[in-house]
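The values are calculated or read from the model by the stated rules, or taken from the named source; none is laboratory data. Bear in mind the structure is a predicted one, so any value in this text is a computation, not a measurement. Positions of Cβ are backbone-derived with ideal geometry, glycine not excepted, and every protein chain shown enters the neighbour counts. Note: areas computed on protein heavy atoms with side chains; ligands, DNA, RNA excluded. Shrake-Rupley method; radii C 1.70, N 1.55, O 1.52, S 1.80 Å.
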Amino acid sequence: MSKLAGKVAVVTGASKGIGTAIAKALAAEGASVVVNYASSKAGAETVVNAITAAGGKAVAVGGDVSKAAEAAGVVEAAIEHFGRLDILVNNSGVYEFSPIETITEEHFHRQFNINVLGLLLTTQAAVKHMGEGSSIINIGSLVSRITPPGSAVYSGTKGAVDAITGVLSRELGPGKIRVNSLNPGMIETEGATSAGFIGSEMATAIVSQTPLGRIGQPDDIADIAVFLASDDSRWLTGEQFLAGGGLR
């Protein structure tokens, strides 16, 4: 029996990387999935095609989650196409490292608008349709713990995600809606590669400090997301799951 049979999920920022892996993993366990994208329609449609080819159900839906109307539209698409909403994965995010001397208003607002405001707006729209047994999974990051140099703004956004997770777990707990953070370490994605992190001295240093001795893969995170979306984690809310191979 599939763990998520009959469930409906929205995964924001799912046209590549961790979001793609999570969308595919949820679908493989029986969930119908809204694959959200901000700019890469082709990427999202590729994910949808892969899911449907494997026998699953999915639809690609565009929308910038940092804008209230578009965030609501992504959620409404789940209701229009699949009739309900049980799982929300707030995965949309951007990152840019910059030392304190070069931080600008644009640098700050771009990351906080997507990483924090986007999460709040999408959740605000989603909870109107979510009921007992639903699960919200906020994708945070280990940067909020390891606070690398140059990441003041990005680490700040992910620290905010952790705090918001705690608050919402209390607000939504009476409705039996669970809220948890899933905080990856460095993951080998298109974004991490194009940013120059994969294969860098930073990556080498991170691996040297990681007990399991490697960079993470998107599927490493996706499998945890399936657990958090399913009834297997029914007694967990307000938690921060550190998924970095033991890196602290």
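Structural remarks
- Subset of region 226-248 that is of a type in the set (A, V, I, L, M) and more than 16 Å from the chain's Cα centre (by Cα) - its residue that is modelled with the highest pLDDT: Leu236
- Counted residues, region 175-194 - those being open to solvent by 40 Å² or more (accessible area, probe 1.4 Å) and either within 13 Å of Trp235 (Cα to Cα) or in a strand (DSSP E or B) (or both): 1
- Selection count where residues are at pLDDT below 95 and either of a type in the set (Ser, Thr, Tyr) or crowded, with 24+ Cβ neighbours inside 10 Å (or both), scope region 1-38: 1
- Of all residues making up region 196-248, the number that are of a type in the set (Val, Ile, Thr) and in contact with a Ser or Thr (Cβ under 7 Å, 6 or more places away or on another chain): 1
- Verdict on Thr102 being among the polar types (S, T, N, Q) and more than 19 Å from the chain's Cα centre (by Cα): yes
- Of all residues making up region 200-216, the number that are closer than 22 Å to Val94 by Cα and open to solvent by 70 Å² or more (accessible area, probe 1.4 Å): 2
Rundown of residues vs (1) surrounded by fewer than 16 Cβ atoms within 10 Å (Cβ to Cβ); (2) under 15 Å from Val89 (Cα atoms); (3) of a type in the set (Ser, Thr, Tyr), yes/no style:
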| residue | (1), (2), (3) |
| --- | --- |
| Ser155 | no, no, yes |
| Gly173 | yes, no, no |
| Ile198 | no, no, no |
| Ile221 | no, yes, no |
| Arg234 | yes, no, no |
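- Only one of Gly43, Gly6, Gly62, Gly19 that is out of contact with any strand residue (DSSP E or B) (no Cβ under 7 Å at 6 or more places or on another chain) and either at positive phi or of a type in the set (Gly, Ala, Ser) (or both): Gly6
- Scope region 161-216; condition of a type in the set (S, T, N, Q) and within 16 Å of Leu242 (Cβ to Cβ); matching residues: Thr165, Asn180, Ser181, Asn183, Gln209, Thr210
- Test: residue in region 53-61 that is of a type in the set (A, V, I, L, M, F, W, C) and closer than 16 Å to Leu182 by Cα: no
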